[in-house]
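In what follows, a structure is listed as structure tokens, so that the remarks can point back to it.
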Amino acid sequence: MGTPDEAAPDSGLPDSGLMEKVVNLAKRRGFVFQSAEIYGGFRSTYDYGPLGVLLLRNVKNAWWRSMVQYRDDVVGLDAAILSPPAIWAASGHLSTFSDPMVDCRKCNERHRSDLIGDTCPNCGSKDLTEARDFQLMFKTHAGPVEDEGSVAYLRPETAQGMFTNFMNILTTTRKKPPFGIAQVGKSFRNEITPQNFVFRTREFEQMEMEFFVPPAEATTWFDYWVEERYNWYLDLGIPKEMLKLRPHDKEELSHYSAGTTDIEFLFPWGWGELEGVANRTDFDLKAHSAASGTPLEYFDQAANERYTPYVIEPAAGATRAMMAFLLAAYDEDEVGGETRTILRLDWRLAPTQVAVLPLSKKAELEPLAREILGMLQPHFQCDYDVTQSIGRRYRRQDEVGTPWCVTVDFDSLEDKAVTVRDRDTTEQVRIPITELVANLISRTTPTN
Ligand code: GAP
């Protein structure tokens with residue numbers, strides 16, 4: 001059984017150079033660094049720098065707002081990453097969570113056979129070994145003794161924590177189906193071929209929600225969540241042409257799924273999965289009930305009926321979504337006869353929303369500029385930049401997606417007003433300082 005991960009990586013689309021530009025920008029401006037770079041780098045692991053950590057957090061916050069904060073039928077959870085083998089035996093991951101792996105006999109490179117066909121993408125040789133299953137879970141030992149009794153796994157999905165805590169949540173929240181449990185956190189997979197920057201890595205972040213429903217309502221809720229999740233990406237600025245829904249063929253379905261639809265994004269190398277919405281049926285709750293001896297059921301008092309709910313699961317990658325938002329936002333246009341690089345990120349995702357820029361380094365401007373910074377910080381993530389010319393500072397903010405710059409100049413000391421510049425239009429307007437917070441808030445769309 002293959003992982004329910006992504007479509008074939010190469011659809012024959014030409015890479016217009018966008019990928020390279022975005023990866024360079026990410027490095028140059030402190031979004032994403034190669035992990036352990038000073039030691040030559042650790043393959044497929046990345047560190048999120050000062051701007052990346054803000055962007056990634058904003059992606060996760062936007063997801064949490066729409067999945068938890070704005071709903072009364074979903075609650076949150078933060079479950080452990082280290083987990084005992086019993087969970088993964090019951091979930092089916094120990095027996096089926098593997099990818100088919102082949103070795104090239106000529107260059108010794110290792111590949112996922114389902115992604116490459118019969119030719120080594122490294123050297124072109126057709127002399128490949130037979131495919132064999134490669135277990136994707138990271139295995140470790142908990143405690144001082146490294147024997148079979150101390151084996152633990154790093155979770156390969158956040159989902160299982162939601163199933164194993166089903167009864168805890170049912171009894172402590174008095175929720176009843178239909179209701180969901182949402183979780184954001186790290187997952188780990190020993191991917192054979194991690195690739196394409198943070199698209200497929202061995203350590204990544206997921207945003208998953210398990211929605212427990214009466215079995216008869218599963219199809220309706222499945223359709224509902226596919227639409228909700230598709231609209232979430234649209235609402236946050238991914239153009240329609242870069243998104244599509246792809247229902248899985250029967251042979252492609254994961255071991256637990258009765259139906260899955262992927263939300264795909266048009267990456268520079270072709271369509272790739274951003275998120276999968278699956279009907280997991282009662283597979284997981286029943287499997288954990290049987291293995292643990294703890295019934296994971298719901299008793300419907302009104303109907304005097306006990307049943308195992310079905311589960312609809314929208315499962316997204318936070319780090320992968322961050323990359324898609326970066327790719328979709330990257331743009332170049334011309335301002336004042338010069339090419340400028342701009343990230344047209346939605347204000348909710350932009351690492352910093354407002355940059356406060358005193359026109360000159362001269363000391364007279366500093367107190368007022370800092371006072372304005374202090375006024376804005378409770379409402380927005382702000383940057384404060386005094387170095388270089390104002391034109392250069394605008395470009396620097398455009399390049400990292402800051403929607404608004406507030407310039408404090410010498411007139412500000414007299415007229416108690418500042419200039420607000422819009423990233424996308426470059427339009428500048430003079431605003432009284434007393435109205436600044438309200439003015440900037442009026443430029444934001446509702447936070448959903
Ligand atoms: N609980 C179901 C599940 O984990 P999945 O399709 O394997 O389903 C969900 O993973 C999402 O997690 C994917 O759509 C993708 O965005 C993200 N993801 C999976 N493997 C990843 C990897 N190796 N690197 C980055 N993101 C990954």
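Values in this text are rule-based calculations from the coordinates and carry no lab data. Given the structure is predicted, the values throughout are model-derived calculations rather than measurements. No Cβ is skipped: glycine too gets one built from the backbone with ideal geometry, and neighbour counts run over all protein chains shown.
To the nearest 20 debye, what charge dipole does region 352-443 have about its Cα centre, counting +1 at the Cβ of each Lys and Arg and -1 at the Cβ of each Asp and Glu?
The dipole magnitude comes to about 220 debye.
Per the Cauchy relation, a quarter of the hull surface: what is the mean projected area of the convex hull of the alpha carbons in region 268-403, in nm²?
Averaging across all directions leaves 15.6 nm² for the Cα convex hull.
Relative contact order, percent, of the chain when contacts are C-alpha pairs under 8 Å separated by at least 6 residues?
15 percent
If you stretched the chain out fully between Asp147 and Asp333, how much longer would it get, using 0.36 nm times the residue separation minus the C-alpha to C-alpha distance?
61.0 nm
Assuming 0.36 nm per residue, please report the length gained on full extension of the stretch Glu227 to Ala131 beyond their Cα-Cα distance.
Once the chain is fully extended between Glu227 and Ala131, it gains 30.8 nm.
Apply 1/(1 + (r/R0)^6) to the Cβ-Cβ distance of Tyr39 and Phe138, taking R0 = 35 Å, and write down the FRET efficiency to the nearest 0.05.
After rounding to 0.05, the efficiency reads 0.95.
Using DSSP, restrict attention to beta bridges with both residues in region 352-443 and report what percent are antiparallel, rounded to the nearest 5.
Antiparallel: roughly 55 percent of the beta bridges in region 352-443.
May I ask you to derive the FRET efficiency for Arg71 and Thr220 from their Cβ-Cβ distance with R0 = 25 Å, giving the value to the nearest 0.05?
0.90
Give the separation of the Cα centroids, region 419-433 to region 250-266, in Å.
Going from one Cα centre to the other spans 46 Å.
At R0 = 45 Å, how high is the FRET efficiency between Asn122 and Glu414 if r is their beta carbon distance? Nearest 0.05 is fine.
Efficiency for this residue pair is about 0.10.
Please identify which residues in region 271-301 have an amide N closer than 17 Å to a label point set 7 Å out from the Cα of Leu253, following the Cα→Cβ vector.
Flagged as within label range: 276-287.
D for region 352-443, whole µm²/s, Stokes-Einstein with Kirkwood Rh over alpha-carbon pairs at 20 °C and 1.002 mPa s: what number?
D, rounded to a whole number, is 167 µm²/s.
Whole-Å semi-axes of the chain's equivalent ellipsoid, largest first, each the root of 5 times a Cα gyration tensor eigenvalue?
They are 43, 29, 20 Å, listed from largest to smallest.
Please give the helix 318-329 orientation as an angle from the longest Cα principal axis of the chain, in degrees from 0 to 90, rounded to the nearest 10.
40 degrees
What's the Cα-based Rg to Rh of region 282-361, Rh via Kirkwood?
We get a ratio of 1.39 for region 282-361.
In whole angstrom, how far apart do the alpha carbon centroids of region 79-128 and region 360-378 sit?
After rounding, the separation between the Cα centres reads 55 Å.
For region 80-188, which semi-axes, largest first and in whole Å, follow from the square roots of 5 times the eigenvalues of its Cα gyration tensor?
37, 19, 11
Want the number for Glu305 to Lys21: 0.36 nm per residue separation, take away the alpha-carbon distance, what's left?
Working it through step by step, the gained length comes to 96.4 nm.
Could you pull out the pairs from Lys21/Lys361; Lys139/Lys250; Lys27/Lys240; Lys361/Lys416 whose alpha carbons sit more than 25 Å apart here?
Lys21/Lys361; Lys139/Lys250; Lys27/Lys240
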